[in-house]
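Nothing in this text is a laboratory measurement; each read-out follows from the coordinates by a stated rule. This one's a predicted model, so the numbers in the text were calculated from it and none came from an experiment. With ideal geometry, Cβ positions are generated from the backbone for all residues, glycine too; neighbour counts draw on all protein chains shown.
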Amino acid sequence: MALTKEQIAGFEKQLTDWKMDLEESQSESMHQMHDQETSAFPDVADQAAAETDLSFDIRIKSRELKLIHKINETLHRLQEGDFGICDGCSGDIGIKRLQARPVTTLCIDCKSEQEQAEKTHID
Ligand SMILES: [Zn+2]
């Protein structure tokens, strides 16, 4: 894909800012989890609610971790010049799709094929 230097720099900044936000939120939820672990819950209902919050937190946290990993991979692709090339068909992913979802590694055609395959697999 023929990306201009400005476009590459723009994506790099977008991804780096995004990663910093995620990393901040990761360390925030770490503190919260620590607080919850050390707090006493005299009320059983409170404790149940706190445990529900905690598992919700962990789900979000692990999703964020996966995203951070994907962002790192994407930054690497940007440096290698592989950014914007589809993993499925080696075609161009397209600038519009990349702007909407910069961590994607599949063009819209391969993505919908993959989703179709997953659906068939589940059925
Ligand atoms: Zn493709």
Task: Cα-based reach from Lys61 at 27 Å (exclusive), listing lysines while leaving out same-chain residues under 8 positions away - done: Lys13, Lys19, Lys70, Lys111, Lys119
Task: Rounded to whole Å, sorted largest first: equivalent-ellipsoid semi-axes of region 41-102, Cα gyration tensor - done: 41, 11, 8
Task: Angle in degrees between helix 108-122 and the longest Cα principal axis of the chain, rounded to the nearest 10 - done: 50
TODO: Could you work out the Rg to Rh ratio of region 5-122, with Rh taken as the Kirkwood radius (inverse of the mean 1/r over all Cα pairs)?
DONE: 1.14
TODO: Starting from the Cα-Cα distance between Ser55 and Gln99, subtract it from 0.36 nm times their residue separation and give me the gain in nm to one decimal.
DONE: 12.6 nm
Open item on the list: Using the Karplus curve 6.51 cos²θ - 1.76 cosθ + 1.60 with θ = phi - 60°, what ³J(HN,Hα) values do you get for each residue of region 50-65, in whole Hz, with x for Gly and Pro?
Closed with: 5, 5, 5, 4, 5, 5, 5, 4, 5, 4, 4, 4, 6, 5, 5, 4
Task: Simple spin-label estimate for Glu73 and Glu118 in nanometres, 7 Å along Cα-Cβ - done: 1.3
